[in-house]
1. What is the number of the single condition among (1) of a type in the set (Val, Ile, Thr); (2) in a strand (DSSP E or B); (3) modelled with pLDDT under 95 that Val168 does not meet?
2. Thr239 versus (1) over 28 Å from Thr53 (Cβ atoms); (2) crowded, with 21+ Cβ neighbours inside 10 Å; (3) polar (S, T, N, Q): which is the lone unmet condition?
3. Restricting the search to region 227-255, which residues are aromatic (Phe, Trp, Tyr) and either within 17 Å of the chain's Cα centre (by Cα) or not in a strand (DSSP E or B) (or both)?
4. Could you check region 261-280 and list, in sequence order, the residues that are under 20 Å from Leu89 (Cα atoms) and either of a type in the set (Val, Ile, Thr) or under 16 Å from the mean Cα position of the chain (by Cα) (or both)?
5. Which residue pairs have Cβ atoms under 8 Å apart, sit 6 or more places apart or on different chains, and have a first residue in region 153-173 that is farther than 15 Å from Ile270 by Cβ and a second that is part of a loop (DSSP other than H, G, I, E, B) and at pLDDT below 95?
6. In region 107-134, what count of residues is obtained for those that are within 22 Å of the chain's Cα centre (by Cα), within 18 Å of Pro58 (Cβ to Cβ) and not acidic (Asp, Glu)?
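The values are calculated or read from the model by the stated rules, or taken from the named source; none is laboratory data. Bear in mind that the values here come from a model prediction, so they are computed numbers and not experimental data. Every residue, glycine among them, receives a Cβ derived from its backbone with ideal geometry; neighbour counts consider all protein chains shown.
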Amino acid sequence: MAVDPSIIGNKGEAGERSWNSADSLLYSIGVGAGLDNPTAELEFTTENSEGVTQKALPSLIGVLGAGKGPSMGELNWHMLLHAEQAFTLHKPLPVEGRLSAVGEVKEVWDKGSGALIISETTYTDLSDNTPLATIRGGIFIRGDGGFGGPKQPTVEWEKPTGAPDHEVVYITRPEQALLYRLTGDRNPLHVDPKFAKKGGFDRPILHGMATYGFTARALLHTLAGGDPDIFESMSARFTKSVYPGDTLTISVWVDGKTAKFQTRTQSGDIVIDRGVATIR
């Protein structure tokens, strides 16, 4: 079935969400913190280590959804893939807190082989009613293109020449998706072999947002020196699927307070592309 462009402007129901220290810890572990060295990132994986103050990974904001999302019509969820994701933190993300959120469909693009739907969610910190973050995400519905809608404008992004300033290698675990899903994304595509096969995959794939979180950790430590309070924004496109157990190599090219980045697997496939991150 074709996507209906009239969904542009649809808004979801505003909702509230609270999170606590344990939620922050679970997310950090879900995206690999402490996986290869349990004592390396204690500020993100523990709340009671001597001389260590717990902090939240900036990309945690991506799983703190609230309310009911905007209506997008009838979609074939077996054919849905996460296409792109971006966030901007308007202030540092606390370890625990309460927010309100409301989402809106912003764009619908005809990609030929499928449809791309872009939505944007604004978060408000309810402790002081100030802007907390803006989230922008895109989903790609395979087979739903060709409906005569507009083509997405090309956004310029050139891979820097020369070797990256930093390369970080993380190895995901075979059970990574089982752990990451506990942060909120229970899509069976990532755990159920039968559901994955209906979507055209030979086995369950890792959540795109888990790969995104691994990448965000690499950016945090290379670009921001491990300080989440100065991590401002991150945007990227998902280009290929990752399987639990894959090795991720994050390449970072730094230009002042901005960096471009890519993430690839052990096979050389680029799985996160056209990445841009900024620090304050």
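1. Among (1) of a type in the set (Val, Ile, Thr); (2) in a strand (DSSP E or B); (3) modelled with pLDDT under 95, the lone unmet condition for Val168 is (3).
2. With respect to (1) over 28 Å from Thr53 (Cβ atoms); (2) crowded, with 21+ Cβ neighbours inside 10 Å; (3) polar (S, T, N, Q), Thr239 is out only on (2).
3. In the first step, residues of region 227-255 are kept if they are aromatic (Phe, Trp, Tyr); the result is 231, 238, 243, 253.
Selection gives Phe231, Phe238, Tyr243.
4. Narrowing region 261-280 to residues under 20 Å from Leu89 (Cα atoms): 261, 274-280.
The answer is Phe261, Arg274, Gly275, Val276, Ala277, Thr278, Ile279.
5. Tyr170/Leu35; Tyr170/Asp36; Ile171/Leu35; Ile171/Asp36; Arg173/Leu35
6. Selection size over region 107-134: 8.
Table: residues versus (1) out of contact with any Leu (no Cβ under 7 Å at 6 or more places or on another chain); (2) among the hydrophobic types (A, V, I, L, M, F, W, C); (3) in contact (Cβ under 8 Å) with a residue 40 or more places away in the chain; (4) under 19 Å from Ala277 (Cβ atoms).
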{"position": "Asp23", "(1), (2), (3), (4)": "yes, no, yes, no"}
{"position": "Ser28", "(1), (2), (3), (4)": "no, no, no, yes"}
{"position": "Glu50", "(1), (2), (3), (4)": "yes, no, no, no"}
{"position": "Phe87", "(1), (2), (3), (4)": "yes, yes, yes, yes"}
{"position": "Pro92", "(1), (2), (3), (4)": "yes, no, yes, yes"}
{"position": "Val105", "(1), (2), (3), (4)": "yes, yes, yes, no"}
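Yes or no, residue by residue, for (1) touching a Lys or Arg at 6+ places or on another chain (Cβ under 8 Å); (2) under 24 Å from Leu248 (Cβ atoms); (3) modelled with pLDDT of 90 or more:
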residue: Gly12; (1), (2), (3): yes, no, no
residue: Leu26; (1), (2), (3): no, yes, yes
residue: Glu43; (1), (2), (3): yes, yes, yes
residue: Ala56; (1), (2), (3): no, yes, yes
residue: Lys68; (1), (2), (3): no, no, no
residue: Met79; (1), (2), (3): yes, no, no
